[in-house]
1. Return the pair list, or none, for Cβ contacts closer than 7 Å from residues in the stretch 308-322 that are more than 19 Å from Y246 (Cα to Cα) and modelled with pLDDT of 95 or more to residues that are polar (S, T, N, Q) and surrounded by 20 or more Cβ atoms within 10 Å (Cβ to Cβ), at least 6 apart or on different chains.
2. Given the conditions (1) surrounded by fewer than 22 Cβ atoms within 10 Å (Cβ to Cβ); (2) more than 22 Å from the chain's Cα centre (by Cα), which single one is not true for N252?
3. Have a look at G135, G104, G44 and point out the one that is over 14 Å from the mean Cα position of the chain (by Cα), farther than 30 Å from E260 by Cα and touching a residue at least 12 places away in the same chain (Cβ under 8 Å).
4. Considering only the stretch 239-266, how many residues are of a type in the set (A, V, I, L, M, F, W, C), touching a residue at least 60 places away in the same chain (Cβ under 8 Å) and within 16 Å of the ligand (Cβ to nearest atom)?
5. Please tell me if D233 is outside the structural domain of H60 (by TED's automatic domain parsing), out of contact with any helix residue (DSSP H, G or I) (no Cβ under 7 Å at 6 or more places or on another chain) and modelled with pLDDT of 95 or more.
6. Quick one: in the stretch 104-126, which of the residues that are surrounded by fewer than 13 Cβ atoms within 10 Å (Cβ to Cβ) and away from the ligand (no atom under 16 Å from the Cβ) is modelled with the lowest pLDDT?
7. Could you tell me how many of the residues in the stretch 128-184 are within 16 Å of the ligand (Cβ to nearest atom), among the charged types (D, E, K, R) and buried (at least 19 other Cβ atoms within 10 Å of the Cβ)?
8. How many of the residues in the stretch 286-341 are of a type in the set (S, T, Y) and in a strand (DSSP E or B)?
Amino acid sequence: MNSLFRLILLTLLSGSLFAQGLQERLKVVTTINYLRYFAQEIGGNRVDAIALANPRQDPHYVTPTPTMNQITNRADLFVENGLSLDLWAKNVIDASGNPEIQPGTPGHLVATLNVPIKELPTEISRSWGDIHPQGNPHCWLDPINAKIIAENIAERLAKIDPAHAAYYQERLESFRDRIDASLFGEELLKIIGKKAGDILSRKARNNGLMEWLESKGLSSRLGGWMAQAKRLDGAKVISYHKTYVYLADRINLHIVGELEEKPGIPPPAKRRYAIVEQVRREQIKVILNDNFYSRDAADYVASKTGASVLITHIDVGAAEETDTYEKLISSLIESLVLALK
Ligand SMILES: [Zn+2]
């Protein structure tokens, strides 16, 4: 636990933050920090949001603590990613003694509701160490999915605090506009006009964005992350875990394999050899390794092939310079462009 996080927890525990004239604000507790960021952005000055997990740690495995239970005890809304990523949240909710945030009540939200999920298994099982039994849960790294998650949070805030529904809606729209501008560039949004973000997101979702822009003579007007990512077009990488499938699909990056044979199972020697062969065969230059996984296997493959290891973050605030969602995605794309040059 880093010292800043500890300080925040202590402050909350002492009750000072919630007690000093902030009683009227909604207390939102989230599992992961990107959800805290979204809830705070949508909730504005109506909400105090706090995340339970440290953004630098593995979100699949967080050990609930008494402090987490106490924070959650006073929550008006509990927000989790769901899809079995933050299963540990159940223990915190159970131990919180807070009836307002139990699953099935308005005070409990699975934020990824309605997000199209990839890698759905044919049967639900967490056997043999599989930590993605409900499909791939890392969906927030596609900015189009991030907008759906933000909508879910806004809708729920409006439900538990209807007096400020218009305020949440306004902040949601401004958040969506920011994501659209970061994704497609201001200029293109202005040219297309009303509902540009929705139109472009729909085209991108159906893998028809570039074709559509071409047909309208607008290809050169594309900006933002999508334009930046064109420099990655077709690049092949290996990743340690299946963390980046949503981002990769959005920016047309090809993740051709994972060091993990199955999500959650560290790669045995045989797997490392196989990946070394694949990296040589397909001339892969970069291996993505989340900051919370051991980099031993990636370093081994790099030492045998000359590929480079890129240490990556998946949560807002995992690095000082990525304290917003927009900075997190920018940093991922920029570091990929640099590494693949
Ligand atoms: Zn995972």
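1. Cβ pairs passing all conditions: V309/N289; G317/N33.
2. Unmet for N252, out of (1) surrounded by fewer than 22 Cβ atoms within 10 Å (Cβ to Cβ); (2) more than 22 Å from the chain's Cα centre (by Cα): (2).
3. Values: G135 fails: farther than 30 Å from E260 by Cα; G104 fails: touching a residue at least 12 places away in the same chain (Cβ under 8 Å).
After applying the criteria, what remains is G44.
4. We begin by selecting, within the stretch 239-266, every residue of a type in the set (A, V, I, L, M, F, W, C); these are 245, 247-248, 251, 253, 255-256, 259, 265.
Still in the list and also touching a residue at least 60 places away in the same chain (Cβ under 8 Å): 245, 247, 251, 253, 265.
After this cut, where a residue has to be within 16 Å of the ligand (Cβ to nearest atom) as well, the list is 245, 247, 265.
Number of matching residues: 3.
5. Values: outside the structural domain of H60 (by TED's automatic domain parsing): yes; out of contact with any helix residue (DSSP H, G or I) (no Cβ under 7 Å at 6 or more places or on another chain): yes; modelled with pLDDT of 95 or more: no.
Considered against the rule, which asks whether it is outside the structural domain of H60 (by TED's automatic domain parsing), out of contact with any helix residue (DSSP H, G or I) (no Cβ under 7 Å at 6 or more places or on another chain) and modelled with pLDDT of 95 or more, D233 comes out as no.
6. Among residues in the stretch 104-126 that are surrounded by fewer than 13 Cβ atoms within 10 Å (Cβ to Cβ) and away from the ligand (no atom under 16 Å from the Cβ), the one modelled with the lowest pLDDT is E123.
7. Matching residues across the stretch 128-184 total 1.
8. Pass one, the stretch 286-341, residues of a type in the set (S, T, Y): 293-294, 300, 303, 305, 308, 312, 322, 324-325, 330-331, 335.
Pick out the ones that are also in a strand (DSSP E or B) and you get 308, 312.
Residues that pass the stated criteria total 2.
The values are calculated or read from the model by the stated rules, or taken from the named source; none is laboratory data. What you see is a predicted model, and the numbers here were worked out from it, not measured in a lab. Because the Cβ atoms are built from the backbone with ideal geometry, glycine has one as well, and the counts that use them run over all protein chains shown.
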